[in-house]
Amino acid sequence: MSEQLPDTVALLGLQGAGKTSYVVAFFLACENAADGMCITQYCDGNREYLNNLAKRLADCESLLRTAQLEPGELRLKVRLTTEAAEQQLVIPDLSGELLRDGMASRRLDEQLDQLTTGADAGMLFVRTDRVIAAETLADFNAVMERAGQPAAGTPAPERPEDWELGLAPTQVRLVDALQELLRRRGPRPLRLAIMLSAWDTQSSTGLTPAAWAQKELALL
């Protein structure tokens, strides 16, 4: 017996990570029967939202980011191959700002909470050309020594005056969000895939996606 595909897939990631583009591309692939995929039934969901974005993509226009109050949702019954059984897929498209704002306010958005606690699997999107890298204490001390200002050993303040959430390393922000989402799920595990978007910008590294993630997102 073939493995049962997940019914509800949570798309997660910070703003601009590529979630909406993926949803639209998947929707168009199903509509055009790419690789044997086909839509067997349109169910409830924001189809107008997807149709509008699909038209923008077909016209080679940039896709508008998902507004916090206007989530899109792909809810379809599909066959992912010509021989596969019919599956209902629910792939909500929530704004990446929900993760960002949750870290700042330490409050989990209700939409995001309902999505992740009820999801069967998740896809975590990371835009490879917008990763804010982590700077270790050893890196900082090395820079100070080269500048002729070695660390004096005084305790660092709890929060530097010039620090803000936007300066937090990308992987730290994602790990913080995932820890909270998994805590809310309780003992139920979450199947998770890391989706690296804008991968063409990393072609010069010579790394495979897995090797790049291990190097740049070790904490994640």
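Ranked by the mean number of other Cβ atoms within 10 Å of their residues, highest first, the peptides 121-131, 24-34, 135-145, 77-87 come out as 121-131, 24-34, 77-87, 135-145. For the peptides 173-184, 188-199, the ranking by packing is 173-184, 188-199, with the highest mean count of neighbouring Cβ atoms within 10 Å listed first. Rounded to the nearest 0.05, the FRET efficiency derived from the C-beta distance between Ala25 and Gln114 at R0 = 41 Å is 0.95. Between Gly122 and Ala10, Arg191, Leu192, Ala193, the built amide H atoms are under 5 Å apart, and every one of these is 5 or more places off in sequence or on another chain.
In this calculation the C-beta distance from Met144 to Val175 is compared with R0 = 35 Å, giving a FRET efficiency of 0.85. Summarising the amide proton neighbourhood of Gly13: residues at separation of 5 or more, or on other chains, whose placed amide H is nearer than 5 Å comprise Phe125.
Coordinate-derived values only; no laboratory data. As the structure is a computational prediction, the values presented were derived from the model and not from experiment. All Cβ positions, glycine included, derive from the backbone under ideal geometry; neighbour counts span all protein chains shown.
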